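S.K.: Got a structure here, written out as structure tokens. Questions coming.
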Amino acid sequence: MTSAQLATPSRKQRVRTLWISDVHLGTRDCQAEHLSAFLKRYQADKVYLVGDIIDGWKLRGGMYWPQAHTNVIRRLLTMSKRGTEVIYVTGNHDEFLRRYSKLVLGNIQLVDEVEHVTADGRRFLVIHGDQFDVITRYHRWLAFLGDSAYEFTLTLNRWLNHWRAKYGYGYWSLSAYLKHKVKSAVNFISDFEEAIAHECVKRGLDGVVCGHIHHAEIRQVGGVEYLNCGDWVESCTALIEHLDGNIELFRLADAHLKAQQVAVEEPASETLA
């Protein structure tokens, strides 16, 4: 196994639900290979695509669609054909699909938001989250400007990880690191979390699963469970509901580190034997 890929297990792990968001297919920063490898590892009853799966904003400016992006779509279609229920929750970058909300094609459903009930009975609002972003809703030109600055950071991130992989280092997100360090970004994330948590309280729900801000998280906010899938352009994260209802945050960087530790320990064990 290289630092760029997770090894596919001989048997898929059975899970109840997967949530992924902010894949941004159609952009150069989409980590499509990593996502395909992740999806191959699981047999899921449901997969929620929590918005910004296809980046309609970028596709307007010119077509970028390599085979790796098609492979992600094919993987999801294959899962659907094999019995997985795929629920596509629209976001702001794929808002062109909102006119088709409530469309059902076989095991694939298109919605603007949906309620998910876990195996242990908790009720979660599943929504992309742009509805709670003041900039996206009321200052659209600022959203486009911010998107351009963010794209520049992602370009640096892509080159940095190219060289890290070349020298055997695992994936690391520069843009995620900067988010943690820049006070305005931290405040924006906090305001977003509080706004969406307040909506859950109003609806009498136990929690929310969202995306949009590219900041994966599981924590309590305002008395509700706040879960954010993260993204597949920088941090490569997802949420996994196991058969007992327990929800885990998957981070590709953690999975790579764990795999590297196992690879180091196995030769040592053989030597001791």
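The values are calculated or read from the model by the stated rules, or taken from the named source; none is laboratory data. What you see is a predicted model; the values in this text were computed from it and never measured. Positions of Cβ are backbone-derived with ideal geometry, glycine not excepted, and every protein chain shown enters the neighbour counts.
S.K.: Answer yes or no: is there a residue in segment 117-136 that is out of contact with any Phe, Trp or Tyr (no Cβ under 8 Å at 6 or more places or on another chain), polar (S, T, N, Q), closer than 30 Å to GLU33 by Cβ and free of Cβ contacts under 8 Å to residues at least 24 places away in the same chain.
M.R.: Among the residues of segment 117-136, not one is out of contact with any Phe, Trp or Tyr (no Cβ under 8 Å at 6 or more places or on another chain), polar (S, T, N, Q), closer than 30 Å to GLU33 by Cβ and free of Cβ contacts under 8 Å to residues at least 24 places away in the same chain, which makes the answer no.
S.K.: May I ask you to say which residue of LYS166, LYS179 is loosely packed, with under 13 Cβ neighbours inside 10 Å and modelled with pLDDT under 90?
M.R.: Working: LYS179 fails: loosely packed, with under 13 Cβ neighbours inside 10 Å.
Unique residue meeting the criteria: LYS166.
S.K.: With the condition kept exactly as written, say whether any residue in segment 256-269 is modelled with pLDDT under 90, in a loop (DSSP other than H, G, I, E, B) and over 16 Å from THR17 (Cα atoms).
M.R.: No, segment 256-269 contains no residue that is modelled with pLDDT under 90, in a loop (DSSP other than H, G, I, E, B) and over 16 Å from THR17 (Cα atoms).
S.K.: Which one of LEU243, LEU239, LEU249 is at pLDDT 95 or above and in a loop (DSSP other than H, G, I, E, B)?
M.R.: Going through LEU243, LEU239, LEU249 in turn, just one is at pLDDT 95 or above and in a loop (DSSP other than H, G, I, E, B): LEU243.
One line per residue, one yes/no per condition, for (1) touching a helix residue (DSSP H, G or I) at 6+ places or on another chain (Cβ under 7 Å); (2) buried (at least 19 other Cβ atoms within 10 Å of the Cβ):
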site: ILE54; (1), (2): no, yes
site: LEU59; (1), (2): no, no
site: PRO66; (1), (2): no, no
site: HIS69; (1), (2): yes, yes
site: ARG82; (1), (2): no, no
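S.K.: Okay, moving on. Report yes if some residue within segment 36-51 is among the aromatic types (Phe, Trp, Tyr), surrounded by 14 or more Cβ atoms within 10 Å (Cβ to Cβ) and touching a Gly at 6+ places or on another chain (Cβ under 7 Å); otherwise report no.
M.R.: No.
S.K.: What helices (runs of 4 or more DSSP H), lying completely within segment 1-114, carry at least 1 residues that are touching a strand residue (DSSP E or B) at 6+ places or on another chain (Cβ under 6 Å)? Steps first, please.
M.R.: Working: elements: 32-40, 56-60, 67-81.
Where helices (runs of 4 or more DSSP H) fall fully within segment 1-114 and carry at least 1 residues being touching a strand residue (DSSP E or B) at 6+ places or on another chain (Cβ under 6 Å), they are 67-81.
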